[in-house]
Amino acid sequence: MKTSMFLIAALIGAVPMGMTPAAPLPSAALPLPAPTATDVGDADSFGHGVVFLGQIQTLSVGLHSSCVGNDQTRQRCVTLVPNGQTSFAESDLGVIRLPARATRTLLCTNAMLFLNTESANHDSSPAMQSLSFTADVTVENSILDDPSLINPRTGTAFNGTLQIGVVGFFERHTMAAGAFEQSNDGKAAVCTAGLRKSVLMQVYGLSDALATQFFRRPMVVHFGANGATELVDGAQLFYSVRLYGDE
């Protein structure tokens with residue numbers, strides 16, 4: 001008889017006498033609200049996967065007393081100013097061409113800078129040696145071709161490009177009279193911010209729609225370098241960069 005009661009109860013959905021009703025199944029969890037910039041800093045790329053966009057090692061920049069016979073396709077040569085300061089600015093030491101929609105909201109760089117220098121104080125008194133080297137990275141994008149778009153950092157039109165910081169090096173110290181020094185240095189810089197959609201809007205003044213379109217267009221990334229030296233008898237400088245974004 002008891003078996004029959006259980007069977008009838010099961011068929012009609014009732015709970016047999018003396019049994020506790022089962023707890024109702026939980027409903028589907030409601031989706032959590034998306035994090036904001038206050039929560040995570042960069043909300044646009046939050047939760048996205050990483051996509052690698054290429055790697056390049058630039059041509060080296062050589063600082064020499066003479067550039068006679070130098071092959072500019074293998075090394076950019078800069079002639080040092082004797083007993084003075086030498087400045088240099090070299091463009092197109094390398095290039096990476098990205099197709100449309102290569103990344104979603106972010107362009108990031110990991111970079112390693114390499115320097116080999118020889119310095120000498122040929123004077124009879126102490127003098128200051130200095131060396132600065134900055135990687136110039138220029139992003140070319142057709143969204144920036146509009147002449148009405150003004151770069152707030154320069155006060156002029158973008159003319160199709162903007163520059164981003166990657167890595168730099170600065171050294172300055174006193175050398176004794178007649179001193180000679182040789183050094184091999186490296187400096188790494190990893191991406192902590194990058195060129196983000198929010199940066200395009202907040203720093204460069206692009207609208208949300210233009211910032212979104214920026215990452216949907218093809219991009220050409222040009223790599224150059226600038227710097228200055230004093231009391232440097234010779235140097236070779238170059239850097240390596242890996243680009244990545246989000247998907």
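The values are calculated or read from the model by the stated rules, or taken from the named source; none is laboratory data. Predicted model only: the values in this text are computed from it and were never measured. Note that each Cβ is placed from the backbone with ideal geometry, even for glycine, and that neighbours are counted across all protein chains shown.
So residue 156 clears everything in (1) in contact (Cβ under 8 Å) with a residue 12 or more places away in the chain; (2) over 18 Å from the mean Cα position of the chain (by Cα); (3) exposed (fewer than 12 other Cβ atoms within 10 Å of the Cβ) except one condition, right? Which one?
Every listed condition holds for residue 156 apart from (1).
Quick one: what pairs do we get from segment 159-177, first residue under 30 Å from residue 144 (Cα atoms), second at pLDDT 90 or above and acidic (Asp, Glu), C-beta under 6 Å, 6+ apart or different chains?
Going by the 6 Å Cβ cut-off, the qualifying pairs are 160/140; 160/145; 161/140.
Take the residues in segment 115-135 that are touching a Phe, Trp or Tyr at 6+ places or on another chain (Cβ under 6 Å) and surrounded by fewer than 18 Cβ atoms within 10 Å (Cβ to Cβ), then tell me which one is nearest to residue 226 (Cα to Cα).
Looking at residues that are touching a Phe, Trp or Tyr at 6+ places or on another chain (Cβ under 6 Å) and surrounded by fewer than 18 Cβ atoms within 10 Å (Cβ to Cβ), I get 132.
Is there any pair linking a residue in segment 51-69 that is farther than 30 Å from residue 104 by Cα to one that is acidic (Asp, Glu), with Cβ under 6 Å and at least six apart or on different chains, and which?
61/90
Would you call residue 52 aromatic (Phe, Trp, Tyr), closer than 21 Å to residue 112 by Cα and either surrounded by 12 or more Cβ atoms within 10 Å (Cβ to Cβ) or modelled with pLDDT under 95 (or both)?
So residue 52 fails the test.
Can you name the number of the only condition in (1) part of a loop (DSSP other than H, G, I, E, B); (2) charged (D, E, K, R); (3) over 24 Å from residue 181 (Cβ atoms) that residue 123 fails?
Failing condition for residue 123: (3).
Go over the candidates 135, 209 one by one and state the one that is touching a strand residue (DSSP E or B) at 6+ places or on another chain (Cβ under 8 Å) and of a type in the set (A, V, I, L, M, F, W, C).
135
Residue-by-condition table, conditions (1) part of a strand (DSSP E or B); (2) not small (Gly, Ala, Ser):
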{"position": "134", "(1), (2)": "yes, yes"}
{"position": "137", "(1), (2)": "yes, yes"}
{"position": "148", "(1), (2)": "no, no"}
{"position": "159", "(1), (2)": "no, yes"}
{"position": "165", "(1), (2)": "yes, no"}
{"position": "169", "(1), (2)": "yes, yes"}
{"position": "172", "(1), (2)": "yes, yes"}
{"position": "188", "(1), (2)": "yes, no"}
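Where residues in segment 160-185 are surrounded by 14 or more Cβ atoms within 10 Å (Cβ to Cβ) and either among the aromatic types (Phe, Trp, Tyr) or more than 30 Å from residue 232 (Cβ to Cβ) (or both), which of them is nearest to the chain's Cα centre (by Cα)?
Out of the qualifying residues, it is 162.
Just to verify a result, which residue in segment 203-247, among those that are in contact with a helix residue (DSSP H, G or I) (Cβ under 9 Å, 6 or more places away or on another chain) and among the hydroxyl-bearing types (Ser, Thr, Tyr), is surrounded by the fewest Cβ atoms within 10 Å (Cβ to Cβ)?
Once the filter is applied, the top-ranked residue is 207.
Consider only pairs whose beta carbons are under 9 Å apart and that are at least six residues apart or on different chains; among these, list those whose first residue lies in segment 186-208 and is under 15 Å from residue 107 (Cβ atoms) and whose second residue is basic (Lys, Arg).
Taking only residues 6 or more apart or on different chains, the pairs are 197/104; 203/153; 204/153; 206/197.
Out of curiosity, is residue 234 in a strand (DSSP E or B), closer than 17 Å to residue 57 by Cβ and either at pLDDT 95 or above or in contact with a His (Cβ under 7 Å, 6 or more places away or on another chain) (or both)?
no
Quick one: which residue in 107, 200 is buried (at least 18 other Cβ atoms within 10 Å of the Cβ), within 20 Å of the chain's Cα centre (by Cα), of a type outside the set (Ser, Thr, Tyr) and not in a strand (DSSP E or B)?
200
For segment 77-91, name all the residues that are in contact (Cβ under 8 Å) with a residue 60 or more places away in the chain and either exposed (fewer than 15 other Cβ atoms within 10 Å of the Cβ) or in a strand (DSSP E or B) (or both).
Within segment 77-91, 84, 85, 86, 87, 88, 89, 90, 91 qualify.
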